[in-house]
1. Out of region 230-239, which residues are touching a residue at least 24 places away in the same chain (Cβ under 8 Å), open to solvent by less than 60 Å² (accessible area, probe 1.4 Å) and not in a strand (DSSP E or B)?
2. For R411, state whether it is of a type in the set (D, E, K, R), at pLDDT 95 or above and closer than 30 Å to P210 by Cβ.
3. Just name the residue that is most open to solvent (accessible area, probe 1.4 Å) out of those in region 261-293 that are over 20 Å from G470 (Cβ atoms) and over 20 Å from the mean Cα position of the chain (by Cα).
4. For region 240-260, enumerate the residues that are in contact with a helix residue (DSSP H, G or I) (Cβ under 8 Å, 6 or more places away or on another chain), open to solvent by 10 Å² or more (accessible area, probe 1.4 Å) and assigned to a strand (DSSP E or B).
5. Please indicate, with yes or no, whether at least one residue in region 447-464 is closer than 18 Å to V479 by Cβ and away from the ligand (no atom under 14 Å from the Cβ).
6. With the requirement that a residue be open to solvent by 10 Å² or more (accessible area, probe 1.4 Å), more than 11 Å from the ligand (Cβ to nearest atom) and part of a helix (DSSP H, G or I), what does region 378-415 give you?
7. Has region 296-308 got at least one residue that is within 30 Å of A201 (Cα to Cα) and in contact (Cβ under 8 Å) with a residue 24 or more places away in the chain?
8. Looking at A316, is it over 18 Å from the mean Cα position of the chain (by Cα) and under 29 Å from G356 (Cα atoms)?
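The values are calculated or read from the model by the stated rules, or taken from the named source; none is laboratory data. Computed from a predicted model, the values in this text were never measured in an experiment. Please note: Cβ atoms are built from the backbone with ideal geometry, for glycine as well, and neighbour counts cover all protein chains shown. The area values use the complete protein model at the heavy-atom level, side chains included, leaving out ligands, DNA and RNA. Shrake-Rupley method; radii C 1.70, N 1.55, O 1.52, S 1.80 Å.
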Amino acid sequence: MPHAPLPLPVIPTRPAINDVATHQLDDRPREECGVVGVSGLANASELVFLALYALQHRGQEAAGIVSYDGTYSRVHKGAGLVSDVFDAATLGRLPGSTAVGHVRYSTAGGSSLENVQPLTARYASGDMALAHNGNLTNQIDLRTRLVRDGAIFRTSSDSEILVHLVAKSRRETVDDQIHHALTHLEGAYSIVVSVDDTIYAVRDPRGFRPLVLGALDGGTVVASETCALDILGARYVRDLKPGELIRIRGSEVEQLPPLPTPGRPAPCIFELVYFARPDSRIWGKSVDRARRAFGRHLAREHPVQADAVIAVPDSANSAALGYAEESGIPFELGLLRNHYVGRTFIQPSQRDRDFGARMKYNPVREVLDGKRVVIVDDSLVRGTTSRSLVRMLRAAGATQVHFRIASPPVRFPCFYGIDMPTRGELIGSRLEVPEIEKKIGVDSLGYLSLDGMIDAVADGAPYCTACFSGEYPAPLVDVEQGLSSPEGPGTC
Ligand code: AMP
């Protein structure tokens, strides 16, 4: 059937509420994101909207949905939170029982709406919509070859590489085109891609990023985390396996030949530490339970005499509860977090050194005054927030501040899709514990050990611990070829 023109992306006319007039999108290639696909369910775009809403923590910079109604693909995407980008009217303009969605992580920098996913393309076999979570480690190599071959890229996103590879594939069926294209990729990817009314979902052979399969009323849902299934009332069926490629049409889910598995699986342990929501199940385990176990191990490894355990909310809540349970020191709500912080219009000159942290956190004086406090955070990255928080706690009357980190020092950049600063900016790669204690102004600092962390989720499963250990399970092709910096993609 001849295709009608693909409508141009509809960019919302009203600005996002957490947006300033000059809202800019970062066009550096990296993808710390959430992805969703819905098949065989009426008004699929509304379901994708809800699922993206549940996955908002995986990306606050931009959101997009592409729907297919049997004849036409339609797309709507824009900058801001899911609830800013979509409303009833925009969802009404995305009819059909097939839809794919994406949320993208917040950063600051250059500008490019083209990078907002799902990426769309019309090629010989149909209308394609692609949503990717992860980061390809051979993207410069592949892009250079494709460009030499005549490809014209519209975005700086590594995800577009797959669009070109599928479109170029000489294989006969879409199944084979997608499989063939995927075999060129190296690095981390959980991808949901639709071609007309068929959805494909895949995890890279090491399974760095999560992707779960759910069932709902005769239809199928795939999403980054189980919390997205919960909001829809969908039944969790299973996690996709590393290297697994499936084809979905309505309730029909077919396993296609898996991708070659070059090494051991390496699901990202940082998803458990920080990134995933505690009400999700990742790598077959509850994120909340894993974080509590990190906290309990931490309490055993770094005990201290104190009056209260508090968390850096919200990502460290579960770990702090674990620390409190194990140590017997009461858990208190000593820091509150403002959930409505967006970009601010306050000029830099009006900001003091703790301004960023004060916008986000406020101490509860009644809890802290005259107390010896253990503050638990999930991870230490640059050390900037921690320093400000410690000053806040002391100003609120804490007599001692003991910082406990429910993960080992982050010493190495992530090339597999977690937004991290470059190696030189990571406080754990530059300084040892006594120096960090001094720098952030604490009475003591204790990190969970790498063995302790692995022990806490002891199930014999291998993980990617590259940001802590420097052991990278998938080859860093671009770095090895001198095409990108070993310091890391350099992001947050
Ligand atoms: P800092 O004090 O500057 O080292 O920042 C540590 C805080 O950053 C912790 O509270 C973490 O929850 C949070 N964090 C860890 N990883 C990331 C990330 N990839 N993106 C944004 N925040 C993060």
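1. Residues of region 230-239 that are touching a residue at least 24 places away in the same chain (Cβ under 8 Å), as a first pass: 230-232, 236-239.
The next check asks that each one be open to solvent by less than 60 Å² (accessible area, probe 1.4 Å); those that pass are 232, 239.
L232 - this is the single residue of region 230-239 that is touching a residue at least 24 places away in the same chain (Cβ under 8 Å), open to solvent by less than 60 Å² (accessible area, probe 1.4 Å) and not in a strand (DSSP E or B).
2. yes
3. Initially, region 261-293 is screened for residues over 20 Å from G470 (Cβ atoms), giving 261, 276-293.
In the following step, the residues that additionally are over 20 Å from the mean Cα position of the chain (by Cα) were identified as 261, 292-293.
Working: T261: 87, R292: 43, A293: 11 Å².
Within region 261-293, the match that is most open to solvent (accessible area, probe 1.4 Å) is T261.
4. Result: R247, L256.
5. Looking through region 447-464, at least one residue is closer than 18 Å to V479 by Cβ and away from the ligand (no atom under 14 Å from the Cβ).
6. Of everything in region 378-415, those that are open to solvent by 10 Å² or more (accessible area, probe 1.4 Å), more than 11 Å from the ligand (Cβ to nearest atom) and part of a helix (DSSP H, G or I) turn out to be R391, M392, R394, A395.
7. For region 296-308, residues within 30 Å of A201 (Cα to Cα) and in contact (Cβ under 8 Å) with a residue 24 or more places away in the chain: absent.
8. No.
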